[in-house]
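Scroll down for the structure; my scribbles are underneath it.
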Amino acid sequence: DNMSLYSGNIDHNQVSVLTFNMNNEIAAVVEFDVWISSEINFDYLIWAINGEEVDGISGIGGPFTFRFEVPAGSNSINWTYDKDGSRVGGDDRSIIDNVFITNYDVSGKLIDPELPETVSQLADKQKK
């Protein structure tokens, strides 16, 4: 039985947050799939470790698989769907599924997925 995690039903200028706390002896990788249906470049699903943004996604599309490293120790992982104060775009929600946490050899390299034009990634927006 598949159990996906949906962002909450929120209004303008609100957020829906999912928090996962973990204590890992060695570095780990968190991998997950995302479906997004939001106002591109304005409403985002953002993921963070210990309050520091890792990345995010906005627009319409999915599933996209993302991975990020989690350092050894006590960590708090947040997925936040953040809705701005303007228009509605898409269904105004995100879905997280297939979350896997595995031990990680830090010599590896993590690769983000290729995204279609209907989706923007927070890291790309911050580079501009």
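The values are calculated or read from the model by the stated rules, or taken from the named source; none is laboratory data. Remember, predicted model here, so these are calculated numbers, not experimental data. Cβ coordinates were reconstructed from backbone atoms using ideal geometry, including for glycine residues, and neighbour counts include every protein chain displayed. What goes into the accessible areas is simple: the full protein's heavy atoms, side chains included, and nothing from ligands, DNA or RNA. Shrake-Rupley method; radii C 1.70, N 1.55, O 1.52, S 1.80 Å.
Segment Glu69..Asn21, full-extension length gain: 15.8 nm, with 0.36 nm per residue of separation and the alpha-carbon distance subtracted. In the context of the full protein assembly, Phe68 retains an accessible surface of approximately 10 Å², using a probe radius of 1.4 Å and ignoring ligands and nucleic acids.
A simple spin-label model places the labels of Glu117 and Asn13 3.5 nm from each other, with each point 7 Å out along Cα-to-Cβ. Other residues lying with their Cβ under 9 Å from the Cβ of Ile46 contribute a combined charge of -3, Lys and Arg counting +1, Asp and Glu -1.
Its Cα gyration tensor gives segment 7-64 an equivalent ellipsoid; the semi-axes, largest first and in whole Å, are 24, 14, 10.
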